[in-house]
Amino acid sequence: MPNKTILSLADAAAMLPVRNQNGHKGTFGRAMMICGSKTMVGCCVLACEGALRSGIGIGILAFPECLYNTLTSRLTENLFLPLADNGDGFIGKENTSYIIEKANECDVVLLGCGIGVNDDVKSVVKAVVENVNKPLIIDADGLNCLSFFKESLLNRGAQTLLTPHPGEMARLCGCDVQNVLQKSELILSDFCKTYNVNVLLKGHRTLICNNDGSHFYVNETGNTGLSKGGSGDLLSGIITGLAPSMGCDLFKTAALGAFIHGLTADLMKNDFSEYVMLPSDCAKYINKSFKFLEEYN
């Protein structure tokens, strides 16, 4: 059976990397986030905010150019990489070579938040999975696209983290959601071992499994205030922002990111009802979680 560690406050505080006081933006890493479509704009903002508030030095947002005016009015600290859309508001497949070139210049890449599922997007996702030789975090529609060609994961030469909710995990495994919920540890362990990936399975008790299926972290922070669209985008951004400072160990980074994400919602309960808190509120409260862990140390 795999080893299992239930994350404690002491565990999370010990994982938090110490900032290099002589560092600069290059020291803390360069991340590309490939996100967004005409129907899902907010995911870009939440992913970027999560990354930039979690320590990344340079955040680059790659997105369909039809979103340019909206996103440039909402985001200020990241770089923009607008991409030709396919005429329907999704990333066009003609961008593939350019995306791969720019992604391979980064330290970590986030793929999938709100990108949609169609032939153009599936083509881009497959190419990125197979040709980007950098640590890769795949979320949301990136996972839904990946379910059509998950064997592409076997061609990767760098670390990979998948961050599904139970429905996305069921699509990846070709089973029903109840099966994932009832046999989550067994399913995750087998999947990670087969495809050489780390997996963070979102839920009330978030499970994070390493790439040989031998070790789980279990995160118990968080509350129902996170049960809203956009929370997963923020989580993926937090993990992306932390990754370079943690040596891009995506297993440990995912565990710390999940702890911080949930802790943020727990600390917010002092000021917000679980009914009303939004992912955009959480983005502004991430500071409280980092300060909490720093002060614990």
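The lone criterion from (1) open to solvent by 30 Å² or more (accessible area, probe 1.4 Å); (2) part of a loop (DSSP other than H, G, I, E, B); (3) in contact with a helix residue (DSSP H, G or I) (Cβ under 7 Å, 6 or more places away or on another chain); (4) not β-branched (Val, Ile, Thr) left unmet by residue 222 is number (1). Taking each residue of segment 1-29 that is in contact (Cβ under 8 Å) with a residue 40 or more places away in the chain and more than 30 Å from residue 184 (Cβ to Cβ) and looking for partners that are open to solvent by less than 80 Å² (accessible area, probe 1.4 Å) and of a type outside the set (A, V, I, L, M, F, W, C) with beta-carbon atoms closer than 7 Å, six or more apart or interchain, yields 28/55; 28/57; 28/244; 28/245; 29/57; 29/107; 29/244; 29/245.
Among residues of segment 185-220 being within 25 Å of residue 263 (Cβ to Cβ) and acidic (Asp, Glu), the one that is farthest from the chain's Cα centre (by Cα) is 185. Set side by side, the residues 245, 236, 289 differ, and just one is in contact with a Phe, Trp or Tyr (Cβ under 7 Å, 6 or more places away or on another chain), at negative phi, among the hydroxyl-bearing types (Ser, Thr, Tyr) and surrounded by 16 or more Cβ atoms within 10 Å (Cβ to Cβ), which is 245.
Would you check which residues across segment 149-204 are charged (D, E, K, R) and not in a helix (DSSP H, G or I) and list them? Walk me through how you get there before you give the answer.
Initial filter on segment 149-204 (charged (D, E, K, R)): 150-151, 156, 168, 171, 176, 183, 185, 190, 193, 202.
Hits for segment 149-204 are 156, 176, 183, 202.
Counting only helices (runs of 4 or more DSSP H) that fall entirely inside segment 1-110 and contain at least 3 residues that are touching a Leu at 6+ places or on another chain (Cβ under 7 Å), open to solvent by less than 20 Å² (accessible area, probe 1.4 Å) and of a type in the set (A, V, I, L, M, F, W, C), the qualifying elements are 42-52.
The values are calculated or read from the model by the stated rules, or taken from the named source; none is laboratory data. Predicted model, so just to flag it, every value in this text is computed and none were measured. Positions of Cβ are backbone-derived with ideal geometry, glycine not excepted, and every protein chain shown enters the neighbour counts. Note: areas computed on protein heavy atoms with side chains; ligands, DNA, RNA excluded. Shrake-Rupley method; radii C 1.70, N 1.55, O 1.52, S 1.80 Å.
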